[in-house]
Amino acid sequence: MIGNRITYRKADGVRIPGTWRHAFICNGGTFFLTDLVIYADGLIDCWGLVSIDEFEQKLRCGWVATDLPEGAEASAHGLASWRFGEPRTWLTPELLLAEVRDTVDELNGRPDSTARCLAAVDAFLADRTEENRAATLAAYLAIPETQRHYALGDMDRKDWPLQVLVAGPGGVTERWSDEPVSPEVYDEAVSYFEERARLIAERPSRIPADGPTTPHAPAIHLYHSYPRQRVEDPGKVALRSDYPAPIDINGITYSSVAHAYWALSVADSTAQSAIAVADTAYAARKLAADATQREGWEHARSAIMITLLRAKYAQHSDLAEILLATDDATLIYDDADSTFWGDNAGRGRNWIGRLLELVRSELHAKRAGIM
């Protein structure tokens, strides 16, 4: 169960969501308490990223430990060390592997073993054959044992109705009683599920009023490049700030957004003029680096950049179409010189990517007549 334990890693600039749980790693005979991090793409970090199959091998060989021997040395890095005394654990390699597989399904929004079991319950209640009951029993047993009592989300009855349903009249439940299930008890369990189905059906659907929380279009990576001149069909390179698309700001024409940004960043008007007409964006940046920066620039630069980007796409309708064509994709911008503006393989803040998405949203709103 993930709860609020959400983390992520970046792969090719794309965020891969994940979660974590405690585990012991046995290295050199010492058991180290650590975080086992599970990611949506099926990779698991157990002191190194491994696939699900490789993780199973780590479990089988005891690297990820589920057996904690009496008297074995244990350590929590920088916190404490101790030896196990009367250790008790309910995990087995099979059980931990099943829980990890469920977590991967949950991270991807797919039905996990609990959801598959409840779907089997619905199928059985719709057609109460022994074949469907057997399928429901198999689905119930596929839920990791540590998670079965949470399956119904009912902390009073826990999984008692499930056990009775899959046992059937005359059958025996797994944990609740050694006595055969009576017809009255079975009918009570069936009524429980019928009432549960009714309440779920009457529950108002929770549709986000504001639309989806994540983009449906795949992320787009705007790699660092050095465009020197305009071309007829520039593609997504035109979205870069150093693409030669002249913009007029307060009556002054700059060769690109980058030229305008660097010119406005310096205090000296002579340096500003030289930067505005520099041969390349690289030359403009170099000239700015040699000049005195405006006081307070670091606090104003984001506002300046959004103003320049708005001007670029307002003054170049063909480039606005390229930006609009990215739909709602996450825009990942690389900048070899700045981890503030660029994503840079996950090391940067990607502010140009974020501001481009904002300008794109404004263009969509204008086209739709919303603003």
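The values are calculated or read from the model by the stated rules, or taken from the named source; none is laboratory data. Here the structure is a predicted model, which means the values were calculated and not measured. A quick note on method: Cβ atoms are made from the backbone with ideal geometry, for glycine too, and the neighbour counts reach across all protein chains shown.
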- [ ] Mind listing just one residue for me: the one in the stretch 277-287 that is surrounded by fewer than 21 Cβ atoms within 10 Å (Cβ to Cβ) and not aromatic (Phe, Trp, Tyr) and, of those, nearest to Thr253 (Cα to Cα)?
- [x] Val277
Open item on the list: Is it the case, given these coordinates, that Tyr192 is in the same structural domain as Gly348 (by TED's automatic domain parsing), out of contact with any Lys or Arg (no Cβ under 7 Å at 6 or more places or on another chain) and either in a loop (DSSP other than H, G, I, E, B) or modelled with pLDDT of 90 or more (or both)?
Closed with: no
Task: Sole residue being in contact with a helix residue (DSSP H, G or I) (Cβ under 6 Å, 6 or more places away or on another chain) and surrounded by 10 or more Cβ atoms within 10 Å (Cβ to Cβ), chosen from Pro169, Pro215 - done: Pro169
TODO: Give me the pairs, please: first residue somewhere in the stretch 292-305 and farther than 18 Å from Trp351 by Cα and in the same structural domain as Leu264 (by TED's automatic domain parsing), second residue anywhere and among the hydroxyl-bearing types (Ser, Thr, Tyr) and surrounded by 13 or more Cβ atoms within 10 Å (Cβ to Cβ), beta-carbon distance under 7 Å, and either six or more positions apart or on two chains.
DONE: Gln293/Ser265; Arg294/Ser265
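Does the stretch 26-49 include one or more residues that are among the polar types (S, T, N, Q) and touching a strand residue (DSSP E or B) at 6+ places or on another chain (Cβ under 6 Å)?
yes
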Open item on the list: Whether any residue in the stretch 133-151 is farther than 30 Å from Ala40 by Cα and over 35 Å from the mean Cα position of the chain (by Cα) is what I want to check.
Closed with: yes
Open item on the list: among the β-branched types (Val, Ile, Thr) and surrounded by 15 or more Cβ atoms within 10 Å (Cβ to Cβ): which single residue out of Val185, Val231 fits that description?
Closed with: Val185
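Answer with yes or no whether Asp67 is surrounded by fewer than 18 Cβ atoms within 10 Å (Cβ to Cβ) and not assigned by TED's automatic domain parsing to the domain that holds Phe31.
No; evaluated as a whole, the condition is false for this residue.
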- [ ] Would you mind finding the one in Arg175, Arg148 that is closer than 20 Å to Glu99 by Cβ and either touching a residue at least 60 places away in the same chain (Cβ under 8 Å) or in a helix (DSSP H, G or I) (or both)?
- [x] Arg148
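Working carefully through the options Gly342, Gly348, find the one that is within 25 Å of Gly13 (Cα to Cα), touching a residue at least 60 places away in the same chain (Cβ under 8 Å) and in the same structural domain as Glu232 (by TED's automatic domain parsing).
Gly342
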Open item on the list: Given the options Ser225, Ser269, Ser265, Ser273, name the one that is without any contact (Cβ under 8 Å) to a residue 60 or more places away in the chain, in contact with a helix residue (DSSP H, G or I) (Cβ under 6 Å, 6 or more places away or on another chain) and surrounded by fewer than 18 Cβ atoms within 10 Å (Cβ to Cβ).
Closed with: Ser225
- [ ] Could you please tell me which pairs satisfy a Cβ distance under 9 Å, a separation of 6+ or placement on different chains, a first residue in the stretch 308-320 that is within 14 Å of Ala258 (Cβ to Cβ), and a second residue that is buried (at least 18 other Cβ atoms within 10 Å of the Cβ) and among the polar types (S, T, N, Q)?
- [x] Leu308/Ser241; Leu309/Ser241; Lys312/Ser241; Lys312/Ser256
Open item on the list: Just checking, does the stretch 31-50 include any residue being surrounded by 17 or more Cβ atoms within 10 Å (Cβ to Cβ) and at positive phi?
Closed with: yes
Task: Options Arg354, Arg310, Arg349; residue that is of a type in the set (Lys, Arg) and in contact with a Ser or Thr (Cβ under 7 Å, 6 or more places away or on another chain) - done: Arg349
Open item on the list: Restricting to the stretch 38-86, and then to whatever is among the acidic types (Asp, Glu) and closer than 25 Å to Asn4 by Cβ, can you tell me which residue is nearest to the chain's Cα centre (by Cα)?
Closed with: Asp41
